[in-house]
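Encoded as structure tokens, the structure appears first; notes follow it.
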Amino acid sequence: MIDELLYKALEAVQKGQSYAFATIVEATLKGTPRKTGAKMIVFEDGSTWGTIGGGRNEKAAIVLCLKAIASVKPTTVIYNYFGREGESVCGGQMKVFIEPFVPKAHLVICGAGHIALPLSLIGKMLSFKVTVIDDRKEFANKKRFPHADQVIVGNHAQELAKISISNNTYITIVTQGNEFDFECLKAVIKSQAGYIGVISSKPKRVKFFGRLKEVGVDEKYLKNIRIPMGIDIGAQTPAEIAISIAAEIISIKDKEYVGTDKFKIR
């Protein structure tokens, strides 16, 4: 059972999914359905593998696991089986340790040009896993991006579509051309990415959204797109623009939105 749980955890890591372990760390000799060492894994979608005894206490532990995944904070809870109101009647007690595992946030940069370079550096400074995609070998290479976790040479949209995307994935589209930008956006617009942003002007936003509607993309997906991306700080240079993009990603990632007029998120 432990081997299977660890295998399920490895699968989740490979897919970039979050999960939590619920482990019985103490239990009375009698009166509990499972004993010390029993484990259950709870995935971010609420599905589970393994058991710590079933029933109302396991359901309660699942809820705690999901809260722990959201807060990235472990916790310990005691479940009683003494037959009091709201308790099972087995007669024992167990202590359960809830331990969340959230994979490193993944910054995907479509394009390897002037903005991509400082953005990738900032991403690494912020402890993101960084992937850079470009169809130009002279730009997309380890010599230019030695710090990146992955540098992919190939068609932007096609390579982007191969990447496992979760709500812990942050996608920035900064290619060398509008058509490349649009194809990348179309490839991920219905994904569960935590952030999708496109480098652009406001007229480009209107044009892109019009084209997306023409191919049947629902309005609900358009609301999640940051275009033009980045907090408006009056950025001019590639490095400044990268900083504005990173700041917006942080505000989304940590659910803290800047509310002043000066730093209004577009």
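No lab work stands behind these numbers, since they all come straight from the coordinates. Predicted, not measured: the structure shown is a model, and the values here were computed from it. Reconstructed Cβ throughout: ideal geometry from the backbone, glycine too, with neighbour counts over all protein chains shown.
Just a few scattered comments:
- Between amide H atoms placed 1.01 Å from N, distances below 5 Å from S200 occur with M229, all of them 5 or more places distant or on a separate chain.
- Close amide-amide hydrogen proximity is noted between I171 and V108, Y195, I196, G197, each under 5 Å apart and 5 or more residues distant or on a separate chain (H modeled in the peptide plane; Pro and chain starts excluded).
- What the phi angles of region 133-144 give under the Karplus curve with 6.51, -1.76 and 1.60, with θ = phi - 60°, is a coupling list of 10, 7, 8, 10, 5, 5, 9, 8, 8, 6, 5, 7 Hz, glycine and proline written as x.
- For the chain, the longest principal axis of the alpha carbon atoms and the long axis of helix 178-188 meet at an angle near 10°.
- With Cα atoms, 0 to 90° folded angle of helix 202-214 axis to the chain main axis: 60 degrees
- Degrees between helix 2-14 axis and first principal axis of the chain (Cα, 0 to 90, nearest 10): 20 degrees
- Only one of [x] 24; [y] 38; [z] 44 was calculated from the structure for percent of Cα pairs over 29 Å apart, and its label is [z].
- Mean residue ellipticity (222 nm) of the chain, computed from DSSP H runs ≥ 4 via -39,500 (n - 2.57), nearest 500: -10500 deg cm²/dmol
- Candidate aspartates and glutamates - alpha carbon under 18 Å from K207, same-chain residues fewer than 8 apart omitted: E179, D181, E183, D218, E219
- The chain - percent relative contact order, Cα under 8 Å, separation 6 or more: 14 percent
- Cross-link table K35/K59; K59/K95; K186/K223; K124/K204, entries beyond 20 Å C-alpha to C-alpha: K124/K204
- Only Lys, Arg (+1) and Asp, Glu (-1) charged, at Cβ; the chain dipole about Cα centre in debye: 160 debye
- Mean shadow area of region 106-253 over all directions, Cα convex hull, nm²: 7.9 nm²
- Using only side-chain charges placed at the Cβ, +1 for Lys and Arg and -1 for Asp and Glu, the dipole size of region 106-253 relative to its Cα centre rounds to 120 debye.
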